[in-house]
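Take a look at the structure set out below.
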Amino acid sequence: MTAIDASYDLAVIGGGPAGVATVLAARALQPQWRLLWCRGPETVGRGFLPAYGGNSLVHRLNVPVERMGLDAEAPVEFFEWLRREHPGREVVPGQFVSRRWFGEYLEARLAGVDASSRFGTVGALRKDGDLWRIDLGELGSDGHGTSAPRARRVTLCLGMPAGLPMPNAPRHWVSDSWAWWRALPAQGVPLRDNDTVLVVGSGLTAVDMVLGLRERGFRGPIRAVSPGGRWSQAHAPAAPLTPDVREALDEALDEASSARDVLGVLRHFASRHPWRAVIDALRADTNARWAALAPDEQRRVLRHAFGAWNRHRHRMAPDVCAALEADVALSLEPGRIRVDAAGRIVKRDLSGETVLDVALALDCRGPGFRAALAGDSLLARLVRDGVLEAHPLGTGVRSPADPSLAVVGAARFGERFETSAVPELRQQAVEVVRHVLSAQP
């Protein structure tokens, strides 16, 4: 029986940090299991997602190094690995290190792990008796073509959903900014200093693109446009809330039954205490607070407060924020970007609409949670096939009722609110491996 024909005890589908964490958790908890790891297209899977496989040191993590370990029992593992394996980098606690270093850590953590890796796109997932049939439709790196390995248990770790493409986009519109970045030559960018670059969005990917362009020597104007017209906030020291303040915050949130009430409580406490400490105090309870809201109230949060929450929750390194503020050729403007039927890029704001003349437009609008179940993504196909059930918000899926199938990470957004950062991923990985243990062997 070949490795392709054999059935596996667990198949992990997804090549990013969630997939890595799940493979490691499975190997730690069930060392005797035969593992299959479907890592996605080889160009992506070998880099653990574009953001961690780049060639630039200016693309930085937005979480301190000592909190980025993939082991739920040892969150400082990444920091300890850097100190042990790369002492010349002189990493210290509190540092926001290169994303590329995190990719190196992921690779090192997998060295020697006994799992059969397959590269290719998963086309479908079907239950075949007691086994799951995994249709791999692309030629894998092992030389096999279309194949359908089988597994007793499957964990889906599909990562951030892509946003919908911009209709009528012109040739100088880049829909996948990370793919564009990876394809650049080793030095420079195909731009002149009198060109103008448009960055659509102001989240962390937009920040990475701005920093990368400057690192590559582009000195021309960069216009970033987003609905809020603000960058993410910077990290800064903040003493934790005192026990009595934390208790008062919890009591006030217990009494809040609507999105308006919750936001009112947060504004009240943030006006009297360091707002970073208030946000951080919610971290352990965010998913429970989210689940306590009625679906209509959850929709109101996503419609009116999601952008502001992300700016305060997902902060960036202080020196990165300072570099953006010091860049005189960089502007950040409120507004919305669309492309008209003629392929012209149009900015809409309170003053009206303006056609923008730019040499390059980088789409950095972030993950498409509202488009997660649209199009032909694997997640959307699994919902259409009845394998998974869509969450009522339409942003992700419910946890499967079948104990032999589990979902980790961003695909659970809606059911959970905090579900994509490394601390959540490593804990979910342990939880789902224990969950699928209840499936029939």
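Which value, in debye to the nearest 20, describes the size of the charge dipole of the chain about its Cα centre when Lys and Arg Cβ atoms bear +1, Asp and Glu Cβ atoms bear -1, and nothing else is charged? All intermediate terms of the calculation are to be shown ahead of the outcome.
Working: 54 positive and 51 negative charges, 146 e Å.
Rounded to the nearest 20 debye, it is 700 debye.
Taking a quarter of the surface of the convex hull around the Cα atoms of the chain, what do you get in nm²? Don't skip to the answer; put the middle values down first.
Values: hull surface 92.6 nm².
Here the figure is 23.1 nm², rounded to one decimal.
Take the Cα radius of gyration of the stretch 192-299 and divide it by 2.2 N^0.38 Å, with N its residue count; two decimals is plenty. Please list the in-between numbers first.
On the way: Rg = 19.2 Å, N = 108, 2.2 N^0.38 = 13.0 Å.
With N residues counted in the stretch 192-299, Rg over 2.2 N^0.38 Å equals 1.48.
Please report the antiparallel percentage of DSSP beta bridges with both residues in the chain, rounded to the nearest 5. Mind dumping the intermediate values first?
Details: 22 of 54 bridges.
Around 40 percent antiparallel, to the nearest 5.
With a 1.4 Å probe and every protein chain left in place, tell me how much accessible area residue 101 has, in Å² to the nearest 10.
40 Å²
Evaluate the charge dipole of the stretch 115-274 about its Cα centre and quote only its size in Debye, nearest 20, assuming +1 on the Cβ of each Lys and Arg and -1 on the Cβ of each Asp and Glu. Display every interim value, and only then the final one.
Details: 19 positive and 17 negative charges, 130 e Å.
The dipole of the stretch 115-274 has a size of about 620 debye.
Viscosity 0.692 mPa s, temperature 37 °C: Stokes-Einstein D of the stretch 75-195 from its Kirkwood Cα radius, in µm² per second? Mind dumping the intermediate values first?
Details: Rh = 19.4 Å.
The Stokes-Einstein estimate is 169 µm²/s.
Tell me the Kirkwood hydrodynamic radius of the stretch 146-221 in angstroms, computed as one over the mean inverse distance between distinct C-alpha pairs. Intermediate values should be presented prior to the final figure.
Details: mean 1/r = 0.0646 Å⁻¹.
So the Kirkwood estimate lands at 15.5 Å.
Just for the Cα atoms in the stretch 273-407, what are the lengths along the principal axes, largest first, rounded to whole Å?
Rounded to whole Å, the extents work out to 54, 49, 27 Å.
The values are calculated or read from the model by the stated rules, or taken from the named source; none is laboratory data. Being a predicted model, the structure only gives us computed values, none of them experimental. Cβ sites come from the backbone with ideal geometry, for glycine too, and all protein chains shown count toward neighbours. Note: accessible area is taken over every heavy atom of the protein model, side chains too, but ligands, DNA and RNA are not part of it. Shrake-Rupley method; radii C 1.70, N 1.55, O 1.52, S 1.80 Å.
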